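Undergrad: One structure follows; several queries about it will come next.
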Amino acid sequence: MKQYQGIAGLFLRLSLGTGFLSAVASRLGLAGARSSGWNKFLDYTAQVNSFAPKTIIPFIAIASSVLESGIAIMLLTGFKTKYAACAAGLLTLLFAMAMSYSFGIKEPLDYSVFAFSGGAFLLATMPYYKWSIDQMINN
């Protein structure tokens, strides 16, 4: 059972990290023709955070991009995984709640934002992280 838990944790860690990195790459124009671009991301940030003053939208966009990048790197390398997973869970839960407020509950359900958040919180409960910096430090 422990073997499967390690593999499942690795898959979850890499999936979450790649998901964050992909989103940031798109908004920075690093995903080629499929990139959304920074201006579209700013517009979407304003829509998701419809309750926030327009003046803080650029801050929210930059802060979320920095957090997502840092969390992605930590998850992909397996460094301080429990902290990164908790941060990922909280960040995506906040995103899901903002989406729910601005668009209704269907939008975050359609994009599996609650599932992403739940997966991150599940990852935080795992006892060890296979093929990670955490594992190397603990051995």
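The values are calculated or read from the model by the stated rules, or taken from the named source; none is laboratory data. A quick note: this is a predicted structure, and the numbers were derived from the prediction, not measured. As a convention, Cβ positions derive from the backbone with ideal geometry for all residues, glycine included, and neighbour counts pool all protein chains shown. With ligands, DNA and RNA removed, areas are computed over all heavy atoms of the protein, side chains included. Shrake-Rupley method; radii C 1.70, N 1.55, O 1.52, S 1.80 Å.
Undergrad: Could you give the length gained on full extension between Thr18 and Asn138, defined as 0.36 nm per residue of separation minus the Cα-Cα distance, in nm? Numbers along the way, then the final one.
TA: Values: separation 120, 0.36 × 120 = 43.20 nm, distance 2.44 nm.
The Thr18-Asn138 span can extend by a further 40.8 nm.
Undergrad: In addition: Determine which aspartates and glutamates satisfy two conditions relative to Lys82: a Cα distance under 20 Å, and not lying fewer than 8 residues away in the same chain.
TA: Candidates past the 8-residue exclusion: Glu68, Asp134.
Undergrad: Continuing with the same structure: Compute the angle between helix 2-27 and the longest alpha-carbon principal axis of the chain, please, reported from 0 to 90 degrees and rounded to the nearest 10.
TA: It is inclined by approximately 30 degrees.
Undergrad: At a 1.4 Å probe radius, carbon and sulfur cover how many percent of the accessible area of the chain?
TA: C and S atoms contribute 69 percent here.
Undergrad: Another question about this same structure. Over the chain, what is the relative contact order in percent, taking alpha-carbon pairs closer than 8 angstrom and at least six residues apart? Please list the in-between numbers first.
TA: Numbers: 155 pairs, mean separation 40.7, N = 139.
Worked out over the chain, it gives 29 percent.
Undergrad: By its C-alpha gyration tensor, with a ≥ b ≥ c as the square roots of the eigenvalues, how is region 8-54 shaped: rounded for a/c under 1.5, else prolate for a/b larger than b/c, else oblate?
TA: On the way: a/c = 4.46, a/b = 1.56, b/c = 2.86.
Cα axes put region 8-54 in the oblate bin.
Undergrad: Taking log10 I(q)/I(0) by the Debye sum over Cα atoms at q = 0.09, 0.14, 0.21 Å⁻¹ straight from the coordinates, which label in [x] -0.29, -0.67, -1.25; [y] -0.42, -0.78, -1.18; [z] -0.28, -0.67, -1.42 is the correct one?
TA: Recomputing log10 I(q)/I(0) by the Debye sum over Cα atoms at q = 0.09, 0.14, 0.21 Å⁻¹ here gives the entry labelled [x].
Undergrad: Still on this model: For the chain, what does the accessible surface come to per residue with a 1.4 Å probe? Please give it in Å². Walk me through the intermediate numbers first.
TA: Numbers: 8280 Å² over 139 residues.
Ligands and nucleic acids excluded, the result is 60 Å² per residue.
Undergrad: Could you pull out the chymotrypsin sites (Phe, Trp or Tyr not before Pro) across region 25-109 that fall in loop regions by DSSP (anything but H, G, I, E, B) with no more than 13 other Cβ atoms inside 10 Å? Let's see the in-between values first.
TA: On the way: sites: Trp38, Phe41, Tyr44, Phe51, Phe59, Phe79, Tyr83, Phe95, Tyr101, Phe103; in loops: Phe51, Phe79.
For chymotrypsin sites (Phe, Trp or Tyr not before Pro) across region 25-109 that sit outside H, G, I, E and B with at most 13 neighbouring Cβ atoms in 10 Å, the list reads Phe51.
Undergrad: What FRET efficiency would be calculated for the residue pair Phe11, Leu90, taking the C-beta separation as r and a Förster radius of 25 Å, to the nearest 0.05? Display every interim value, and only then the final one.
TA: Details: r = 21 Å, r/R0 = 0.86.
Step by step, r from the Cβ atoms, then E = 0.70.
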